[in-house]
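Here the structure comes first, spelled out in structure tokens, and everything after it is commentary.
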Amino acid sequence: GNFFRGSVRATVNILPVKGLKVNAFAALEEGDNYSYKYNSKKYISGGSAAGMAERYQSRDMNLLFEGTVDYAGQWNGHSLALVGGFSYQKFNYDNSTMKNGGFATDDIKYYKIGEGSASKDKMEINSYRGSHSLASFFARANYNYQEKYLLSASVRAEGSSRFGENNRWGVFPAASAGWRISGEDFLKDTQWLDDLKLRFGFGITGNNVGQNLASKELVGQGGTFWYDGDWRKTYSVSQNPNPNLKWERKFEYNLGIDFAF
């Protein structure tokens, strides 16, 4: 197979505002896989595997774009960092498999797989094509004063094509605060204590569904029936639509004390 990975990044400093810049990042990953196999008519296992040829090929692609605006500044003991941006990611999948047997000679192998004459129970043709995408708007702020009082807040609005039409987007905020007690005047002369910090955090994260078309109505093969001198396949609904399928949300809280001595 072949695999390609490439990326490009650009940063522009916005003057005259010191510490303000715009970033853009784009990346592409693409992988092509091929597999060819043939079992001779004298294949040691014999049976249905003898004289069978197989061709498999797949192509996967992952496209990513991200743009952000950053600011970082310090003044009179205050420190502030801000970032806001947008990201978009697209995944594509495509694969196919062909199997056939009953070739006149072993020399044909998998080169002209259509020249086989295997019965219907041996011949196999499968293919799959799918895609899904993710988009996100995000913002984050970090603030501290003299490295003693620390605040952080962020929010992400995430959209996934895998969810139902009524719930494609989810909003996930987070916040935390910290107090470095060891930086206070009443502890600055303490010899045995190097660091003491009290911290609290809260956040909501989202879990994407693990498969495509989970919210769509799907049709699959059912049974067969005899009609006009032949067996006919039937199709029926194999999955009901769910336009309200949405992000799984996980709430987390934490309280802690960090110390070093």
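Residues that are in a loop (DSSP other than H, G, I, E, B) and without any contact (Cβ under 8 Å) to a residue 12 or more places away in the chain are absent from region 134-152 altogether. Which of the residues spanning region 183-211 are in contact (Cβ under 8 Å) with a residue 12 or more places away in the chain and more than 19 Å from residue 255 (Cα to Cα)? Correct list: 183, 184, 192, 193, 194, 206, 207, 208, 209, 211. Consider region 173-194 and keep the residues that are at pLDDT below 90 and touching a Phe, Trp or Tyr at 6+ places or on another chain (Cβ under 6 Å). The one that is surrounded by the fewest Cβ atoms within 10 Å (Cβ to Cβ) is 192. Which ones in region 154-172 are open to solvent by 50 Å² or more (accessible area, probe 1.4 Å) and closer than 20 Å to residue 67 by Cα? Passing the criteria: 155, 156, 169, 171. Across region 236-244, a minimum of one residue is classified as surrounded by fewer than 11 Cβ atoms within 10 Å (Cβ to Cβ), closer than 28 Å to residue 128 by Cα and over 26 Å from the mean Cα position of the chain (by Cα).
Here is the figure for region 140-152: residues that are buried (at least 16 other Cβ atoms within 10 Å of the Cβ) and within 17 Å of residue 203 (Cα to Cα) total 5.
Within region 26-42, restricting attention to residues that are under 17 Å from the mean Cα position of the chain (by Cα) and open to solvent by less than 40 Å² (accessible area, probe 1.4 Å), which residue is nearest to residue 112 (Cα to Cα)? Result: 31.
If you go through region 88-128 and keep only what is open to solvent by less than 60 Å² (accessible area, probe 1.4 Å), part of a strand (DSSP E or B) and hydrophobic (A, V, I, L, M, F, W, C), you end up with just 91. Selection within region 2-25: residues that are open to solvent by less than 80 Å² (accessible area, probe 1.4 Å) and within 28 Å of the chain's Cα centre (by Cα). The member of this set that is farthest from residue 79 (Cα to Cα) is 6. Open to solvent by less than 60 Å² (accessible area, probe 1.4 Å), closer than 30 Å to residue 136 by Cβ and among the small types (Gly, Ala, Ser): is that true of residue 201 in this structure? Judged against the criteria, residue 201 is a match.
Just name the residue that is farthest from residue 167 (Cα to Cα) out of those in region 222-248 that are out of contact with any Ser or Thr (no Cβ under 7 Å at 6 or more places or on another chain) and modelled with pLDDT under 85. So the residue we want is 229.
Yes or no: region 69-88 includes at least one residue that is polar (S, T, N, Q), at pLDDT 90 or above and out of contact with any strand residue (DSSP E or B) (no Cβ under 7 Å at 6 or more places or on another chain).
Yes, that holds for at least one residue.
Starting from region 57-69, take each residue that is over 27 Å from residue 111 (Cα atoms) and list its partners that are β-branched (Val, Ile, Thr) and surrounded by 15 or more Cβ atoms within 10 Å (Cβ to Cβ), counting only C-beta distances under 9 angstrom and pairs at least six apart or across chains. Listed pairs, sorted by first residue: 68/83; 69/83.
Residue-level check: of (1) open to solvent by less than 40 Å² (accessible area, probe 1.4 Å); (2) within 27 Å of residue 91 (Cα to Cα), residue 211 misses just (1).
Residues that are aromatic (Phe, Trp, Tyr) and in contact with an Asp or Glu (Cβ under 9 Å, 6 or more places away or on another chain) within region 206-261 comprise 247, 259, 261, listed in sequence order. In region 43-78, the residue that is surrounded by the fewest Cβ atoms within 10 Å (Cβ to Cβ) out of those that are small (Gly, Ala, Ser), touching a Lys or Arg at 6+ places or on another chain (Cβ under 8 Å) and in a strand (DSSP E or B) is 73. Does residue 131 fit the bill of being exposed (fewer than 15 other Cβ atoms within 10 Å of the Cβ) and in a strand (DSSP E or B)? For residue 131, the condition - exposed (fewer than 15 other Cβ atoms within 10 Å of the Cβ) and in a strand (DSSP E or B) - is met.
The values are calculated or read from the model by the stated rules, or taken from the named source; none is laboratory data. None of these values were measured; they are calculated from a predicted model. All Cβ positions, even for glycine, are placed from backbone atoms using ideal geometry, and neighbour counts span all protein chains on display. These area figures cover heavy atoms from the full protein model, side chains too; ligands, DNA and RNA do not enter into them. Shrake-Rupley method; radii C 1.70, N 1.55, O 1.52, S 1.80 Å.
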